[in-house]
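The values are calculated or read from the model by the stated rules, or taken from the named source; none is laboratory data. None of the values given here were measured: they were computed from a predicted structure. We place every Cβ from the backbone using ideal geometry, glycine too, and count neighbours over all the protein chains shown. These area figures cover heavy atoms from the full protein model, side chains too; ligands, DNA and RNA do not enter into them. Shrake-Rupley method; radii C 1.70, N 1.55, O 1.52, S 1.80 Å.
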Amino acid sequence: MRYTLRQLEYFIAAGETGSITLASERVHISQPSISTAISHLERELGVQLFVRHHAQGLSLTAIGQNMLAEAKRLIEQAEGMYSLASEASTQVRGQINVGCVVTLAPLVMPELAHSFEAAYPGTRLHQVSYDQESLIAALRRAEVDIAVCYDLHLPGEIDFLPLASMPPQAWVGETHPLARQPATTLEELAPLPYILLDLPGSREYFLAMFMKEGLTPNITARSAHQEIVRTMVANGYGYSLANVRPRSDMALDGRRLMRLRIAGDVPSLRLGLATLANFRKSRLVDAFQSHCQNFISDSYIPGMAALSTERRVLRSV
């Protein structure tokens, strides 16, 4: 066999990203090294793995798609040797694939991943982000070992370990009529323009809050991108609802947001860890789970402001 696991990793990165540039960024190696690895594999295997599009990246050939699936299985088997070795020793090492809900990922994952790899130097944390439904699908396909997510529409084959409670709050801009209030209610919000975070699972959760009270929200705009929602709110297009509490009170365009507590009986979400119920956790997954239990709680969530019923303004830290 005249190709290496490293070359297969480079091929996988290029196949999944469709770009030499993006593959280089993912595996932290130069673009020429990626190109050389792919060319070597094509010569060695005697097949064309990619169609090269000038200035438009790569696309897998039919055989390339089959080879990509096989290469991923080989890498998973190779990574499994580290897990087997870890089981027989006290050392935790190897790669763990962690999925995270897209709204949580930019807040929680940087600090969480850095602290885990610092605590276990022999590990490497590979992270991906999806909406809640897609994250559960990735768990089922074994694309991720464990997921940082909400206890939201979880099927029976998923085990969930709760870490912290995250009640919903209202976001408004500085000039919004409710901006000077310490709290609001769903009844007060319902007739006002609502910018909906339109993600699978999330939208059903937020809309169900109104339905439970016999209310119909006045949805005037929607977006699947949290920062677009925040910027629209900060610019006075309406209010929005969210469970995340970013430390910064600024939207991306520099305008300020205010956070209001929602009074009444509104359902909180629980932030936690999801795994397949029939999945035997490796020492590496157990270590990550224990690290999260020690790192995340009601009193501290990475990237988020402390929960306070008195504070309605998000303050930068």
Would a scan of the stretch 299-314 turn up a residue that is touching a Phe, Trp or Tyr at 6+ places or on another chain (Cβ under 8 Å), in a loop (DSSP other than H, G, I, E, B) and either open to solvent by less than 10 Å² (accessible area, probe 1.4 Å) or modelled with pLDDT of 95 or more (or both)? yes
If we keep only residues of the stretch 57-100 that are among the aliphatic types (A, V, I, L, M) and at pLDDT below 75, then the residue least open to solvent (accessible area, probe 1.4 Å) is Ala85
Within the stretch 163-170, identify whether any single residue is open to solvent by 30 Å² or more (accessible area, probe 1.4 Å), within 30 Å of Gln127 (Cα to Cα), touching a residue at least 60 places away in the same chain (Cβ under 8 Å) and polar (S, T, N, Q), and answer yes or no. yes
In the stretch 243-265, what count of residues is obtained for those that are out of contact with any Lys or Arg (no Cβ under 6 Å at 6 or more places or on another chain), assigned to a loop (DSSP other than H, G, I, E, B) and open to solvent by less than 30 Å² (accessible area, probe 1.4 Å)? 3
Among the residues of the stretch 264-304, what is the count of those that are touching a Leu at 6+ places or on another chain (Cβ under 9 Å) and farther than 30 Å from Leu84 by Cβ? 12
Filtering the stretch 180-197 down to residues that are over 26 Å from Asp298 (Cα atoms) and in a loop (DSSP other than H, G, I, E, B), which residue is most open to solvent (accessible area, probe 1.4 Å)? Arg180
I'm trying to understand the selection: among the residues of the stretch 219-242, which are surrounded by fewer than 20 Cβ atoms within 10 Å (Cβ to Cβ) and part of a helix (DSSP H, G or I)? Glu227, Ile228
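So, in the stretch 134-154, how many residues would count as being of a type outside the set (A, V, I, L, M), at pLDDT 90 or above and open to solvent by 20 Å² or more (accessible area, probe 1.4 Å)?
3
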